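Undergrad: What follows is a single structure, and I will ask about it in a moment.
What follows draws every value from the coordinates through simple rules; no lab data is involved. Keep in mind it's a predicted model, so treat the numbers as computed, not measured. Backbone-built Cβ (ideal geometry, glycine too); neighbour counts: all protein chains shown.
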Amino acid sequence: MQEIKLETEIIKLDAFLKWAGVVVAGSEAKFYIKNEDVKVNGEIETRRGKKLTKGDIIKFDGESYKIV
């Protein structure tokens, strides 16, 4: 599991995927989120504006990312 350090208290899911280097563009993040390819804390998340905070775990493409 990769730990990703945030500089802010809250980040939106699509912005997190770009920040962590998981996707290159916001449109790519939107596609994967709407396609139900992303899980947040074990649940499929389809809202690209889902607010994430420290401790959340994001799973995508066989990788896990924890916000610290």
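Undergrad: At q = 0.16, 0.19, 0.24, 0.28 Å⁻¹, what log₁₀ I(q)/I(0) does a Debye calculation on the Cα points of segment 2-67 give, no solvent, two decimals?
TA: Summing over Cα pairs of segment 2-67 leads to -0.42, -0.61, -1.03, -1.47.
Undergrad: Please report the spacing between the Cα centers of segment 21-49 and segment 1-20 in Å, no decimals.
TA: First find each Cα centre; the distance between them is then 12 Å.
Undergrad: While we're looking at this one, here's another question. Work through the residues other than LYS34 whose Cβ is under 13 Å from its Cβ and net out their charges, Lys, Arg +1 and Asp, Glu -1. If you can, show how the numbers build up before the last one.
TA: Numbers: positive: LYS30, ARG47, ARG48, LYS50; negative: ASP14, GLU28, GLU36, ASP37, GLU45.
Around LYS34, the charge tally is -1.
Undergrad: What size of dipole, in debye to the nearest 20, comes out for the chain about its Cα centre when the only charges are +1 on Lys and Arg C-beta atoms and -1 on Asp and Glu C-beta atoms?
TA: 220
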